[in-house]
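Read through the structure below, which is laid out as C-alpha cells, and then see the notes.
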Amino acid sequence: MLNDLISAQKSAFKDYTELRAQVNTSRNVSFLAGNMTTNAQSSAGGVSARVYRGGTYGFASGAEYSNDSIKNVLAAATENAAFMEKHVNKNLPPLPAVKGGKFEAKIKPDNDLPQSVLIDYAKALDNLITEKYKKLSSRTVIANCLEIEKLLAVSDGADSHFYQPRSMIYVFMTADMDDGIPVELYKVFGGFGHFNDHFTDPALLCAELDALYEALMNKREGVFSNAGLCKCIMHPELAGILAHEAVGHTVEADIVLGGSVAAHNLGKQVASELVTMVDFAHTAFGKPCPLPVYVDDEGTIAEDAVLIENGILKNFMHSKESAQHFGAKPQGNARAFSFSDEPLIRMRNTAILPGKSKLEDMIASIDNGYYLVKTGNGQADTTGEFMFSVGLGYEIKNGRLGKAIRETTISGVAFEMLKTVDMISNDMYWECGGFCGKKQPMTVGMGGPAIRCDVNIGGR
C-alpha cells in the first residue's frame, strides 16, 4: 500500500492543484505451444502535480516518491503554470467547483502473490488444452495481472485512495484448414479483482474452452460472406467494442472540440429510439462494473454519463476544463494511466442498454443475413466511420444459423448504422480485457446486448 505523503502538502497549494502518487504493478506469463516465452514482473511509480492558472495547466512528475520529491514536483508544476499563463494568456475564470470529500479503496493490494502461481496455472491450462483438443496446430496461454494504486489530493474536489486490480487469462487456439491456411480464435477470462479471485482450477474453464474449440472447428469449414449491405445481428462482444470505438470516442469532449461528428449533434437523433448508451462509473444493473471508478484523477466523484437516450445524443464526457467550456457538469471521466501522465477524458464502462428481444427471436427474424460473434482489430475516426475485422460469424438462412464464415470485415458510419437498429436483445455482456489507446493506454470496460442492424460486410 502507498503511504500517504501527499495530504500533508495540501497546505502548500496556492492555486487549483492536483497532487497524485501512483504505482502500476504488472505480471505477465505466457506459454506458446507449451514453451514459456514470457515471465515478467514490473512496477512503475512516482508522483505528479498539475496546477491550473487562468485557463492553462502546469504539469510536472518525478519517479521518486519522497517528501523532498513531492515538494520539488509541486514547485515545478506551479512554475510551469505561471509560465503557461504568461505566454498563452487565456485569462479564463477558475474551474467550476465540484463536490469534495474523501474516498478510500474498498479492496486492498495483493503484493504477496508469488509469480509461481501464474506460472503453474498457465502451464496446467496449457496441458489441459493439449490433452483435450487434438486438432490444434498451435495454442497460446497468457496470464496477466495489472494492479493500479493511486493516492490523490486536490484543492477542489474529493481526495481518494484508489486501487484497481485486473486479472486476465487469454487463450488463443489455432488450427489449419485443408489448404494449410491457419485460422485462429481467442477467449478472454477474468476481470476486476485478484488472480485467485478468478483462477483456481483450470478445469473450471472447460465449458467455455469447449465452446471456443467447437467454434474454431466450424471456422475451419467456413465459407466466404457475400459482400454488401445486409441485415446482421451483432453479438454483444462486437456491439460493445463498436459502441466504444465508433461512438464513445466521438463524444469525448476533447475530441468534440477537435471537430468530431458529435460536435453539432447534441440534442439530435443519432440512433434508433431503441438505443440508449451509458458510460457507467462503478455500478450497473445493481452490480459492480468491470472496472469501477469512484473518483477520477481530477477529484471529481464519478457518476454515470448518459450519452444517448432513446436515440437522442444527450451528453458528452468531460474533464473539469471541458465542462467549464460547455457549461456542463463533470462526471468523473478524467483519467491517467501512469503517474507521469496527465488526466485525459476517457471512457470507463461504456455500454448500450439491453432491450426486450430474445436472441433466438432475432435470429429467427432474418431470412438472409449474418450473426457476427467476434471481432479483432479495427479502427474508427472522429467522423464515426469504422472498419472492424470479424473473427467469427455465421450465416443466417431462413431464420436459422448456417455455416461459419471466414474472416471478413464490417464498415460503416456509426450514427447512421445505429439508426437502423430495430431489435435489441434482453441480455448483457461485459468485457474488460483490453486497453483503450487514446494517447496513453487505459483499462476500460465495454459491453451491451446483441443488436440487429444493417451493416456493410466484406466478401471474397
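The values are calculated or read from the model by the stated rules, or taken from the named source; none is laboratory data. Bear in mind the structure is a predicted one, so any value in this text is a computation, not a measurement. A quick note on method: Cβ atoms are made from the backbone with ideal geometry, for glycine too, and the neighbour counts reach across all protein chains shown. Just the protein is used for accessible areas: all its heavy atoms, side chains included, with ligands, DNA and RNA removed. Shrake-Rupley method; radii C 1.70, N 1.55, O 1.52, S 1.80 Å.
Starting from the exponent 0.38 and prefactor 2.2 Å, build the expected Rg for the stretch 359-410 from its residue count and divide its actual Cα Rg by it.
1.29
With viscosity set to 0.890 mPa s at 25 °C, what whole-number translational diffusion coefficient in µm²/s follows for the chain from Stokes-Einstein and a Kirkwood radius over Cα pairs? Don't jump to the answer; show the numbers that get you there.
Values: Rh = 23.6 Å.
This corresponds to a translational diffusion coefficient of 104 µm²/s.
With labels modelled as points extended 7 Å from the Cα through the Cβ direction, what inter-label distance (nm, one decimal) is found for residue 174 paired with residue 285?
In this crude label model, residue 174 to residue 285 measures out at 3.5 nm.
Accessible area of the stretch 147-198 with a 1.4 Å probe: how many percent of it is carbon plus sulfur?
On the way: 750 of 1600 Å².
The value for the stretch 147-198 is 47 percent carbon and sulfur by accessible area.
May I ask you to give the percent of accessible area on the stretch 1-133 that is carbon plus sulfur, with a probe radius of 1.4 Å? Spell out each step's value before the answer.
Working: 3550 of 6990 Å².
After summing per-atom areas, the C and S share lands at 51 percent.
Enumerate by residue number the GluC sites (Glu not before Pro) in the stretch 1-91 meeting two conditions: DSSP loop (anything except H, G, I, E, B), and at most 13 other Cβ atoms within 10 Å of the site's Cβ.
On the way: sites: 18, 64, 79, 85; in loops: 64.
When the GluC sites (Glu not before Pro) of the stretch 1-91 are filtered for loop state and at most 13 Cβ neighbours within 10 Å, 64 remain.
Mind listing which trypsin sites (Lys or Arg not before Pro) in the stretch 298-379 are in a DSSP loop and have 14 or fewer other Cβ atoms within 10 Å?
Values: sites: 314, 320, 335, 346, 348, 356, 358, 374; in loops: 314, 346, 348, 356, 358.
Filter output for the stretch 298-379: 356, 358.
First measure r as the distance between the Cβ atoms of residue 79 and residue 203, then evaluate 1/(1 + (r/R0)^6) with R0 = 35 Å and state the FRET efficiency to the nearest 0.05. Present the calculation step by step, with values, prior to reporting the outcome.
Working: r = 59 Å, r/R0 = 1.68.
For residue 79 and residue 203, the calculated efficiency is 0.05.
Which whole-number value in Å² is the accessible area per residue of the stretch 118-166, probe 1.4 Å? Please list the in-between numbers first.
Values: 1570 Å² over 49 residues.
Each residue of the stretch 118-166 exposes 32 Å² on average to a 1.4 Å probe.
Using only Cα atoms, figure out Rg for the stretch 1-79 and give it as a multiple of 2.2 N^0.38 Å. Can you show the working numbers first?
Numbers: Rg = 17.7 Å, N = 79, 2.2 N^0.38 = 11.6 Å.
For the stretch 1-79, the normalised Cα radius of gyration comes out at 1.53.
Can you tell me the FRET efficiency between residue 269 and residue 106 if r is taken as the Cβ-Cβ distance and R0 is 41 Å, rounded to the nearest 0.05? Walk me through the numbers on the way to the answer.
Values: r = 40 Å, r/R0 = 0.97.
Working from the Cβ atoms, E equals 0.55.
Rg and Dmax in Å for the stretch 381-420, alpha carbons only: what are they?
Radius of gyration, then largest Cα-Cα span, for the stretch 381-420: 12.9, 37 Å.
Using helices alone, I'd like the mean residue ellipticity at 222 nm for the chain: each DSSP H run of four-plus residues gives -39500 (n - 2.57), total over residue count, nearest 500. Walk me through the numbers on the way to the answer.
On the way: 9 runs with 89 residues, N = 460.
Taken over the chain, the calculation gives -5500 deg cm²/dmol.
Any idea what % of Cα-Cα pairs in the stretch 232-276 are farther than 14 Å? Intermediate values should be presented prior to the final figure.
Values: 577 of 990 pairs.
More than 14 Å apart: 58 percent of the Cα pairs in the stretch 232-276.
Just the projected area, averaged over all directions, of the convex hull on the alpha carbon atoms of the stretch 112-211: how many nm²? Show your work: numbers first, answer last.
Numbers: hull surface 35.7 nm².
Result: a mean projected hull area of 8.9 nm².
Using the beta-carbon distance between residue 11 and residue 91 and R0 = 22 Å, what value does 1/(1 + (r/R0)^6) give for FRET efficiency, to the nearest 0.05?
Numbers: r = 28 Å, r/R0 = 1.27.
The calculated FRET efficiency here is 0.20.
Shape call for the stretch 266-314 from the C-alpha gyration tensor, a ≥ b ≥ c root eigenvalues: rounded (a/c under 1.5), prolate (a/b greater than b/c) or oblate?
oblate
With no solvent and one point on each alpha carbon, what is the Debye value of log10 I(q)/I(0) for the stretch 222-319 at q = 0.13, 0.20 Å⁻¹?
Each listed q maps to, in turn, -0.57, -1.13.
Over the chain, what is the mean sequence separation of C-alpha contacts under 8 Å (at least six apart), divided by residue count, expressed as relative contact order in percent?
Working: 1189 pairs, mean separation 73.4, N = 460.
Over the chain, the number comes to 16 percent.
If you take the square roots of the eigenvalues of the alpha-carbon gyration tensor of the stretch 172-255 and sort them as a ≥ b ≥ c, do you get rounded (a/c under 1.5), prolate (a/b over b/c) or oblate?
Values: a/c = 2.53, a/b = 1.05, b/c = 2.41.
Verdict is oblate for the stretch 172-255.
Please work out the ratio of the alpha-carbon Rg of the stretch 286-407 to 2.2 N^0.38 Å and round it to two decimals.
Numbers: Rg = 19.3 Å, N = 122, 2.2 N^0.38 = 13.7 Å.
Working it through for the stretch 286-407, the quotient is 1.42.
Using DSSP to call loops (not H, G, I, E or B), can you name the trypsin sites (Lys or Arg not before Pro) in the stretch 53-153 whose Cβ has at most 14 other Cβ atoms within 10 angstrom?
On the way: sites: 53, 71, 86, 90, 99, 102, 106, 123, 132, 134, 135, 139, 150; in loops: 90, 99, 106, 134, 135.
Those satisfying the criteria are 90, 99, 106, 134, 135.
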